[in-house]
Amino acid sequence: MNREEIKKLLDDVKENKISIDSAVEILKDLPFKDLGFAKIDNHREIRNGYPEIIYCAGKTKDQVVKIASEMLKRGNNILGTRANRETYEAVKAICPEAEYHDRASIITIRKKEIQLTDTYIAVVTAGTSDIPVAEEAAITAEMLGNRVKRVFDVGVAGIHRLFANLDIITGAKVVITVAGMEGALASVVGGLVDKPVIAVPTSIGYGANFGGLSALLSMLNSCASGTAVVNIDNGFGAGYLASMINKL
């Protein structure tokens, strides 16, 4: 439940539209619902403004289905990250509205209308191979109520492509840069814009890339001010943080 829903429930009790016992029944699973293998944080939206997200990797499809089923009882929008198609098919069996985003490996279910911000987040990738992580960031931000503009494949190997899209990038309230290899894109963008830049290193690259470690270290050592860095391949974390900044 979010703050507005709790306020409405309390108003309904005050105006005798609902009994106290019925209200208690609605609130009984706050702050969390214990499923044995998982404890669903029903209080998170009240505290943080966003409901709990399902991280699907490492969970069985049955566990994901049970968590999603419980969340659906409360009418929540659902975001399931790092999900495979088998898990998606299992979720879709209990909720036909479920959608699967192949490139991002994300399951989404929209039960509540999402009001998008006037300002937008720009998600920028160095290469085409970085798009899956970028899509995880973009879809996360969209599900959290943000407009998103995508600018893909504008890395430093052809920097004129970046300059051709600067109007989109500079018009954003927050910029997410997604890059593997040496991760140079974050520094270049950080030196061109007056907005916060969230850098996402990806595991894309040859041997000395060390699974994204070279990009991570490059981004952490960037001399461009106003650039922050999330973990390797953590598109979700970047999208979530960008949403919080965009809504300030």
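The values are calculated or read from the model by the stated rules, or taken from the named source; none is laboratory data. Keep in mind that this is a model prediction, so the values were computed, not measured. Here the Cβ is made from the backbone with ideal geometry for all residues, glycine too, and neighbour counts use every protein chain on show.
The condition of being in the same structural domain as Val124 (by TED's automatic domain parsing) and out of contact with any Pro (no Cβ under 8 Å at 6 or more places or on another chain) holds for Gly191. When residues in region 143-186 are screened for being hydrophobic (A, V, I, L, M, F, W, C) and assigned to a helix (DSSP H, G or I), 10 of them pass. Determine, yes or no, whether Val154 is crowded, with 24+ Cβ neighbours inside 10 Å and under 17 Å from Pro201 (Cβ atoms). Judged against the criteria, Val154 is a match. If you go through region 95-111 and keep only what is exposed (fewer than 13 other Cβ atoms within 10 Å of the Cβ) and not acidic (Asp, Glu), you end up with just Pro96.
The requirement of being within 31 Å of the chain's Cα centre (by Cα), at pLDDT below 75 and assigned to a helix (DSSP H, G or I) is satisfied by Ile26. Is region 89-105 home to any residue that is out of contact with any Leu (no Cβ under 7 Å at 6 or more places or on another chain), among the acidic types (Asp, Glu) and under 21 Å from Ile245 (Cα atoms)? The answer is no, given that none of the residues of region 89-105 is out of contact with any Leu (no Cβ under 7 Å at 6 or more places or on another chain), among the acidic types (Asp, Glu) and under 21 Å from Ile245 (Cα atoms).
Yes/no per residue for (1) assigned to a strand (DSSP E or B); (2) within 20 Å of the chain's Cα centre (by Cα); (3) crowded, with 17+ Cβ neighbours inside 10 Å:
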site	(1), (2), (3)
Ile121	yes, yes, yes
Ala134	no, yes, yes
Ile139	no, yes, yes
Val188	no, no, yes
Asp194	no, no, no
Ser203	no, yes, yes
Gly211	no, no, no
Ala215	no, no, yes
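Rundown of residues vs (1) modelled with pLDDT of 70 or more; (2) assigned to a helix (DSSP H, G or I); (3) more than 28 Å from Ile139 (Cβ to Cβ), yes/no style:
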position	(1), (2), (3)
Met1	no, no, no
Lys8	yes, yes, yes
Ile18	yes, no, yes
Gly36	yes, no, yes
Tyr50	yes, no, no
Ser69	yes, yes, no
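Quick check on this structure: which one of Ala228, Ala199 is free of Cβ contacts under 8 Å to residues at least 40 places away in the same chain, surrounded by fewer than 21 Cβ atoms within 10 Å (Cβ to Cβ), outside any helix (DSSP H, G or I) and in contact with a strand residue (DSSP E or B) (Cβ under 9 Å, 6 or more places away or on another chain)? Only one candidate qualifies: Ala228.
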